[in-house]
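For reference, the structure is listed below as structure tokens.
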Protein chains: 2
Amino acid sequence: MTGTCKLKLYFITSNKHKYMEVLRIAEKYGICLEMMPGMKFEIQSDSLEEISIYSAIENYKVLRKPLMVEDAGLFIKALNGFPGPYSSYVYKTIGINGILKLMEGVEDRRAYFMSVVTIIAEPIFIVEKGLVNGLISNEPRGSFGFGFDPIFIPEGSTKTFAEMTVEEKNKYSHRAKAVEKAFKRLLQLKDVVKT
Amino acid sequence: MTGTCKLKLYFITSNKHKYMEVLRIAEKYGICLEMMPGMKFEIQSDSLEEISIYSAIENYKVLRKPLMVEDAGLFIKALNGFPGPYSSYVYKTIGINGILKLMEGVEDRRAYFMSVVTIIAEPIFIVEKGLVNGLISNEPRGSFGFGFDPIFIPEGSTKTFAEMTVEEKNKYSHRAKAVEKAFKRLLQLKDVVKT
């Protein structure tokens, strides 16, 4: 398998769902992706980009091998962007029911998921974003995916992310968009750098 | 004034309310406290202690002068500790009304405020905690203080923190407890180190 790799990349995450989503895209580009729990170097910031870059750099200091990190958040308009960069902490504490309670009686259900991917593979350093607009559903639906997937309906679909297979979710998702952009850029730059 | 200082300490914060609360205690101990906005080096962690130590170290790398940082959070039992270390972000987004909405119909109103103080003043390195138990009120009351003060009633009082003067709040508060402990330890160690 390694023989056919255009590039080997460590994906710093301990989330298997995330890994599976990204793995599908990596395979398409001939990138061999290896999951690595890595170190939790997430700073508190309202900017996902800042969090992602910082985490990539801190992990790179230790690992010194081509790596990527991905950070994502759900931003709900009526809640001033909450839970945003702190989505995973909010998921662990007040959870989906907490979000639905905060959204009780709220007509404006608009929200977006944003993903930021940072890749460091000397001499290449890439930061790419992906965004998907959608709505917060009135009740949780579906059992695929993770986090707030059961209450997010992406624009252009009637299903929540949790009602979609990985392939289907990747057609819409913020993460797939950011990863596609980052992988394209990576292979392109890799060619340029070589010559 | 500096002539009577036992010690000069930079307090890394841009929160004037926090500064005022700590200043009262510092004066009592003959510590000259100077407010300094510093750098925002807060990591994402469920542990306030980790956040506080990390932030102190990162700021110390740059400042190299005796400094303290203080991190605090409101932990609500029925919400699994939410908003915890992310209290200031939660305050800025869903705010007091968001917390009260999450607590609608919830009988168990128990919560605590926790504060962690880290002081670095070579060769001294101190980490101290302070905690105050209390209840989440049914509606906001008072206009003193900051953050979630208007909805927190400390044990032993019927007032919220926002209905108290600085002196009164310092009799109960997590912050005052942590700071008192840290300052006592600092002066004690300073004497020991000198001899």
Next item on the list: Name the residue, out of A:Ala176, A:Ala162, A:Ala111, that is within 14 Å of chain B (Cβ to nearest Cβ) and modelled with pLDDT of 95 or more.
Entry: A:Ala111
Next item on the list: Could you tell me which numbered condition B:Tyr91 fails, if it satisfies all but one of (1) closer than 22 Å to A:Gly84 by Cα; (2) within 16 Å of the chain's Cα centre (by Cα); (3) at pLDDT below 95; (4) surrounded by fewer than 19 Cβ atoms within 10 Å (Cβ to Cβ)?
Entry: (3)
Item checked: Members of the range A:120-142 that are among the polar types (S, T, N, Q) and under 18 Å from the mean Cα position of the chain (by Cα) -> A:Asn133
Checklist line | Which listed residue, of A:Glu21, A:Glu34, is assigned to a strand (DSSP E or B), of a type in the set (Asp, Glu) and more than 14 Å from chain B (Cβ to nearest Cβ) | finding: A:Glu34
Next item on the list: Taking B:Ile51 as the residue in question, decide whether it is in contact (Cβ under 8 Å) with a residue 12 or more places away in the chain, at the interface with chain A (Cβ under 10 Å from one of its Cβ atoms), under 25 Å from B:Glu180 (Cβ atoms) and over 12 Å from the mean Cα position of the chain (by Cα).
Entry: yes
Item checked: Within the range A:86-108, considering residues that are touching a strand residue (DSSP E or B) at 6+ places or on another chain (Cβ under 6 Å) and of a type in the set (A, V, I, L, M), the one farthest from the other protein chains (Cβ to nearest Cβ) -> A:Met103
Note to self: Checking B:Gly81 against (1) out of contact with any strand residue (DSSP E or B) (no Cβ under 8 Å at 6 or more places or on another chain); (2) of a type in the set (Gly, Ala, Ser); (3) within 7 Å of chain A (Cβ to nearest Cβ); (4) assigned to a loop (DSSP other than H, G, I, E, B): exactly one of these is not met. Which one?
What the structure shows: (1)
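The values are calculated or read from the model by the stated rules, or taken from the named source; none is laboratory data. Model, not experiment: these values are computed from the prediction. We place every Cβ from the backbone using ideal geometry, glycine too, and count neighbours over all the protein chains shown.
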